[in-house]
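Chemist: To start, I am sharing the structure in question, which I have written as structure tokens.
The values are calculated or read from the model by the stated rules, or taken from the named source; none is laboratory data. What you are looking at is a predicted structure, and each value in this text was computed from that prediction instead of being measured. Every residue, glycine as well, gets a Cβ built from its backbone with ideal geometry; the counts of neighbours run over all protein chains shown. When the accessible area is computed, the model is the full protein with side chains, heavy atoms only, and any ligands, DNA or RNA have been set aside. Shrake-Rupley method; radii C 1.70, N 1.55, O 1.52, S 1.80 Å.
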Amino acid sequence: MPLRFRGRSSSHARLAVAGLLCATATVLGTRAAAPTFYPDDPIAREPSSQDASGVAAWDIPLAYDLALNLFANPGDLRDVRAQDVNTADEVPDSEWFTNRVPGASLSAEALTRGPVAHDGPAAGRLTVVRAKPAGISPGFVLRDSAGVLWFVQFDAVSNPEAASAASMIANRLFHALGYWQVEYHLARLRLEDLDIGDKARVETPSGVERPIDRADLKRVLEKAARDADGSYRMLASRAAEGKVLGGFKYAGTRPDDPNDVIPHEHRRVLRALKVFGAWTNLVDMKAGNSLDVLVKDASGRQVVRHYLQDVGSTFGTGALGPREWDEGYEYLFEKAPTLKRLVSMGLYIRPWQTVDYDEFPAVGRFSAEAFVPEAWVPRVPTPAIRNARADDTFWAARRVMAFSDAMIRTLVTVGRISDPAAAEHLATVLMQRRDKIGAAYYTAIAPLVDFTLAADGTLTFVNEAQRARVVPNAATGYRATWARFDNATGTATAFGESASAADARLAAPAALPTVDGAYVQVDVTCTSTAHPGWKGPVRVHFRRQGGAWTLVGLTRWP
């Protein structure tokens, strides 16, 4: 079977090449080996090396997608490390993801701009070109006076500002987290501003298509919140540039995309939604809320870009009103709690059922009171979330914890919530849920980061849980086992140990290599017993070049 990529497109592609070489060597009776680390490791970008112009659009029916994930448990169930990470256990930039946080805090301007590169709908007449293709919120598809296509939707009558504010804030937040997002704008609309295109059609409940008329527009707007001046606040989503291909699945790959070689359930960027979804209460994860688009990359090659498109079902509101009471706490169908409620005649109560919400019409039901990050669930199980491991959730938690109080408050302003108390409530709950995420996932695995090895052999690192003040900054002991590492064979030969009673600073044994081209492997373990999750080592690899040591590998062991 031919390989679906050419060259070393990523670290996981290298593993596939190594496997092929080993198989070939067995057949030929010779031995072939690939190095553990290449000169460009850790890679900063996962290239899409193949032309994907032959990818065809597809439709993933909602009923099929929900039933498959609720009852069939699709995808590879093995407990394996994420396959879209580089040798330093980070996710490179790709057509799935762009690294933005942690690191230097994004400016307020960058946060509020998000993915926006254009102005909102142009002034002048707006032409309805077709009915809204999906979703339950009121809306339709417009073309503005400049010819730009917009997908627009409106807030429910019962909850003005809620759905549009949630969509705007979540759009900027998920962009800051690293996901590809389409452009969202807030704008105003009046019925008299609308024209109807000659080819605008709507499908009736019986499946018959007919031309859209003004009565159809009025029926849509009757379901939308209307301001005192007669205008409607609309959320306008600019059509993505490129050929729209439909959504992506949370398991398997798109079979006709030659660059889509990693099963989606083994992509960290999708596993991380266990944490990002919990923080924002993004319960509506499904193929229909994703978008694949054929675009040209910087080299002019056609590749598929993967958007986490519709992140509006977040926080405390949905398209038509406040979030249902059980959303975020139970799947649409769970056998055990359903049976317990039946047997107890409704007396079986779970903690989320006793939450006393501070409800604001512009926010809905959003609280941190009964929030347990590890227990949060979307409406329907997704294979990627199911496969999330402690190293995945720690990686994601670092990004959540990178959002300061000021950054969160800045993001909330994008929603233009007119009630200051509602805006402050939303920001406060996001901060509280952020802190619970840090407490949960920084103690589940050894939270050691920022490893450096000085030329004199001093190894330094940071305990992220202590830096974030998730745990007391009390003395935590560390022990390191040092080994020479043969990059050609992957074998390690121990040459000593070192320990520290408190500081995240360890001196290498005297036998530390000093020649250029040498590799060392160091297993660092927390000796503190206060957090059982920290017992697993963090293994780091350094390469010596030009008289200095550079980190080339990192693996976290549960």
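Chemist: Within segment 385-394, is there a residue that is charged (D, E, K, R), open to solvent by 30 Å² or more (accessible area, probe 1.4 Å), out of contact with any Lys or Arg (no Cβ under 6 Å at 6 or more places or on another chain) and at pLDDT below 85?
Modeler: no
Chemist: Being open to solvent by 20 Å² or more (accessible area, probe 1.4 Å) and either on the phi < 0 side of the Ramachandran plot or hydrophobic (A, V, I, L, M, F, W, C) (or both) is the filter here; which residues of segment 252-268 pass it?
Modeler: THR253, PRO255, ASP256, PRO258, ASN259, VAL261, PRO263
Chemist: On to the next question. Condition first: on the phi < 0 side of the Ramachandran plot and assigned to a loop (DSSP other than H, G, I, E, B). Now tell me which residues in segment 461-495 satisfy that.
Modeler: Once the filter is applied, which keeps residues that are on the phi < 0 side of the Ramachandran plot and assigned to a loop (DSSP other than H, G, I, E, B), segment 461-495 yields ALA468, VAL470, VAL471, PRO472, ASN473, ALA474, ALA475, THR476, GLY477, ASN487, ALA488, THR489.
Rundown of residues vs (1) assigned to a loop (DSSP other than H, G, I, E, B); (2) without any contact (Cβ under 8 Å) to a residue 24 or more places away in the chain; (3) more than 20 Å from TYR307 (Cα to Cα); (4) touching a Ser or Thr at 6+ places or on another chain (Cβ under 8 Å), yes/no style:
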residue	(1), (2), (3), (4)
VAL91	yes, no, no, no
ALA123	yes, yes, yes, yes
PHE140	no, no, yes, no
GLY147	yes, yes, yes, no
SER164	no, no, no, no
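Chemist: May I pose another question? State all residues of segment 395-411 that are crowded, with 23+ Cβ neighbours inside 10 Å and closer than 23 Å to ALA362 by Cα; if no residue qualifies, say none.
Modeler: PHE403, LEU411
Chemist: Filter segment 209-225 down to the residues that are over 22 Å from GLY124 (Cα atoms) and assigned to a strand (DSSP E or B), then identify the one that is most open to solvent (accessible area, probe 1.4 Å).
Modeler: For segment 209-225, the residue satisfying everything is GLU209.
Chemist: Here's something else I'd like to know. Residues being farther than 30 Å from ASP41 by Cα and not in a helix (DSSP H, G or I): count how many of those fall in segment 56-86. First the steps, then the outcome.
Modeler: Going residue by residue through segment 56-86, those that are farther than 30 Å from ASP41 by Cα are 56-74.
Subset that is not in a helix (DSSP H, G or I): 56-61, 73-74.
Residues in segment 56-86 being farther than 30 Å from ASP41 by Cα and not in a helix (DSSP H, G or I): 8 in total.
Chemist: Additional query: Take the residues of segment 167-208 that are more than 14 Å from VAL128 (Cα to Cα) and at pLDDT below 90: which is most open to solvent (accessible area, probe 1.4 Å)?
Modeler: PRO205
Chemist: Among the residues of segment 323-345 satisfying the criterion of being of a type in the set (A, V, I, L, M, F, W, C) and part of a helix (DSSP H, G or I), which is least open to solvent (accessible area, probe 1.4 Å)?
Modeler: ALA336
Chemist: Ok, one more. Could you give every pair whose Cβ atoms fall below 7 Å, whose first residue belongs to segment 242-263 and is more than 11 Å from ALA57 (Cα to Cα), and whose second residue is acidic (Asp, Glu) and surrounded by fewer than 21 Cβ atoms within 10 Å (Cβ to Cβ), counting only separations of at least 6 or pairs across chains?
Modeler: Note: pairs meeting the criteria are PRO263/ASP76.
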